Amino acid sequence: MSKVFNVEVGGRDLTFEAGRLAQQASGSVLVRHGESAVLVAAVMSEDTREGIDFLPLTVDYIEKAYAAGRVPGGFFRREIGRPSEKETLTSRLIDRPLRPLFPKGTVNEIQIIATVLSGDLELDPDMAALNGAAAALEISDIPFQGPVAAVRVGKINGQLVINPTNSQLKDSTLSLIVAGAPQGLVMVEGGAGSAQEEEVLEALFFAQEQLKPILAKIIEMREEIGHPKRPAPEPPHHGDLAQKIEDFARDRILTAVRILDKKDRHKGVAQVYQELLAALGEEALGKEKVVAGLFKETQKKAVRKMVLAERQRIDGRSFDTVRPVTGEIGMLARTHGSAIFSRGETQALAVVTLGTPSDEQKIETLFGETFKSFMLHYNFPPYSVGEARPLRGPSRREIGHGALAERAISQVLPSAEEFPYTIRIVSEILSSNGSSSMATVCGASLALMDAGVPIKNAVAGVAMGLIKEGHQVAVLSDILGDEDALGDMDFKVAGTKDGITALQMDIKMTGLTREVMAQALTQARESRLHILSKMDEVIAQPSPELKEHAPKIIVITINPDKIRDVIGPGGKMIKQITAQTGVKIDIDGDDGRIHISSPTQSAADEAIKIIRDLTAEAEVGAIYLGVVKKIMDFGAFVEIIPGTDGLIHISELEHHRVQSVTDVLREGDEVMVKVLEVDRQGKIRLSRKALLPTPEGYQAPPSPERRPSRAPKKRS
């Protein structure tokens, strides 16, 4: 039987309907928010996947074109193939707050599919999808330690707004997606226009308060219509094996993890594991996976205790110290901008390519086509972590990290009017040991300045970590990969000297207080300013000129009515200009802007002259060298600009009376003329006489009086 639950969020109804659709799923909910409708179905397999040590959770967010009343593009006219970037990022957005809330040891396949059935032009369906996923899990028989809920927070005219519309977000200085459980926040994702730390903190805890009604409604759903939960996996019992492993390996692990070099450190830990297997002897036979899991748990406990009790990190740094930072620019001769950024053992190569407006990325969205003039692509090759595995397309992680860095950098880019280029940045992670996405932000900023892109400020990023046991808390700046794995929080913050431009947070614990969050933001700001100072030593301002091989783009504006003259019939004229000069021309037919992209300035100048000649308009009082095109009894038509003719009346040929036009001019003659008048219909009146010396004693004849036009008689 269908059951509807309603809660007001941000002044709009968020409605959950269960029991009517997708009844074969373990749990399903239809969520409505504005005109958006998202069906979320969650299923858990009966069989377990033995021998794995991770949660086999898959989340897919799917946008159907029919949801916006559209037919998909492409040859097949259906949604097939690889998910769009928006679908991938939203799938990650749903996955991240849910994954930590499944019981440890769950090895059943779990799949969540969120399908957009109706799309609101003003309200992104992603919040409905995330809340629907949480509700579907909560009312299902799937063991899930929820609930969880999410809202989007904007800041418009200084006021925080929950779930702002797309139109409102255009004027918002802040856009954060915040997910939380009753115990506290679990995930944050978003960007800002150089927001201050206190401003972000206020938005996060404002969102936490706004989540409470949604969480209460999901709990109400569970209590009224929820299925009995399957039993959660019981923790395995291994007798005294865990204690034996801890007694043998703990001190050896602590010695090994203090090795500074990542590869040597991992080799040291692996050596301890081999020694453990030898010490256990026959007791370890057939239990290798169990021993490996207990060994990892021992390592995690030992290192966390070392950090909290001894106040010492793996590499010996203090909690607020950033690893050594270095940078280098301009090492690639043919590229338009390049930089290598290194922080400790993490190293990113960022390369900038400048393109013309026609190089913009065309994106087919739920509501039609959009164009993107800034792209940042992040690649994580296997050699960056010393592995050998097949190369595939970009993973969800790579797309997500690229989107985070892109969000951070986009806040400082110049407008299209200031810098009419399409910008692409590619970040190749050459070595990774913690926060390669933030190294991408730093490298991208350096590469943009090397390319001569007039960015407003340099941008840097840092990853923060947290280890918390009871009242003991350690907030770690610039975390290593190993610290990320054993910590309770991964908090990435990027920004300029003026404030935060992007942040991403995933929390593996509950009960994060405002004080701890404030400390993390403060340490992140201090670390960011330190990194920015090191970046300034490499390059402090954008290069004054573009690189030699970068295209030269010049923007000129013409009368929009003259666009057809530049294009010509069937594109003949524009093809002729590009063939003659070698330039690339992009035309904006709405406002008459023409982008001319050229490898050399001389070629651009030649193209500009041709276009100016084609689109020039006669100016009253201007003097032109024209060509006589046609002789009439009353005067001569003269082409003063290519495609533009004017009339010299017979009375404007000479100071004396001319009997016949052919006494003065013939077709094909060149003649200097002055523009006397351009009337409302665009007809041009010319004079040859005005440029001739006035004869001595000459008196100009009186101007003929114009008779007033008579109004047409009305017929009776």
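The values are calculated or read from the model by the stated rules, or taken from the named source; none is laboratory data. Just so we're clear, the structure is a prediction, and the values are computed from it rather than from any experiment. Here the Cβ positions follow ideal geometry from the backbone for every residue, glycine too, while neighbour counts run over all protein chains shown.
Annotations for the structure displayed:
- Residue match in region 626-637 (condition: at positive phi, surrounded by 17 or more Cβ atoms within 10 Å (Cβ to Cβ) and not assigned by TED's automatic domain parsing to the domain that holds ARG593): yes
- Matching residues in region 54-67 - criterion: being in contact with an Asp or Glu (Cβ under 9 Å, 6 or more places away or on another chain) and not in a loop (DSSP other than H, G, I, E, B): LEU57, THR58, VAL59, ASP60, TYR61, ILE62, GLU63, ALA65
- Identity of the residue in region 520-531, over 10 Å from VAL462 (Cβ atoms) and crowded, with 17+ Cβ neighbours inside 10 Å, that ends up nearest to the chain's Cα centre (by Cα): LEU521
- Condition check for VAL675: more than 24 Å from GLU617 (Cα to Cα) and either surrounded by 11 or more Cβ atoms within 10 Å (Cβ to Cβ) or of a type in the set (S, T, N, Q) (or both): no
- Residues located in region 512-548, provided they are charged (D, E, K, R) and touching a Phe, Trp or Tyr at 6+ places or on another chain (Cβ under 8 Å): ARG514
- Residue list for region 1-59, filter: under 17 Å from ASN131 (Cα atoms) and basic (Lys, Arg): LYS3, ARG12, ARG32
- Taking the listed residues SER660, SER651, the one that is among the hydroxyl-bearing types (Ser, Thr, Tyr), surrounded by 12 or more Cβ atoms within 10 Å (Cβ to Cβ), over 22 Å from ILE610 (Cβ atoms) and touching a helix residue (DSSP H, G or I) at 6+ places or on another chain (Cβ under 9 Å) is SER651, with no other qualifying.
- First in region 296-316 and within 23 Å of LEU241 (Cβ to Cβ), second anywhere and of a type in the set (D, E, K, R), Cβ under 7 Å, 6 or more apart: THR298/GLU246; THR298/ARG250; ALA302/ARG250; ARG304/GLU469
- Considering ARG304, ARG313, ARG334, the condition of being among the basic types (Lys, Arg), touching a strand residue (DSSP E or B) at 6+ places or on another chain (Cβ under 9 Å) and part of a loop (DSSP other than H, G, I, E, B) is satisfied by ARG313 alone.
- Single condition ARG424 does not satisfy, out of (1) in contact with a Ser or Thr (Cβ under 8 Å, 6 or more places away or on another chain); (2) under 16 Å from HIS336 (Cα atoms); (3) in a helix (DSSP H, G or I): (3)
- For region 483-502, taking the residues that are modelled with pLDDT under 95 and touching a helix residue (DSSP H, G or I) at 6+ places or on another chain (Cβ under 7 Å), the one that is surrounded by the most Cβ atoms within 10 Å (Cβ to Cβ) is identified as PHE491.
- Residue match in region 472-490 (condition: in contact with a Leu (Cβ under 7 Å, 6 or more places away or on another chain), in a strand (DSSP E or B) and under 23 Å from GLN411 (Cα atoms)): no
- Failed condition for LYS534, given (1) farther than 30 Å from MET187 by Cα; (2) assigned by TED's automatic domain parsing to the domain that holds ALA416; (3) not in a helix (DSSP H, G or I): (3)
- Qualifying residue in region 224-240 (condition: touching a residue at least 40 places away in the same chain (Cβ under 8 Å), within 30 Å of SER140 (Cα to Cα), part of a helix (DSSP H, G or I) and under 44 Å from the mean Cα position of the chain (by Cα)): yes
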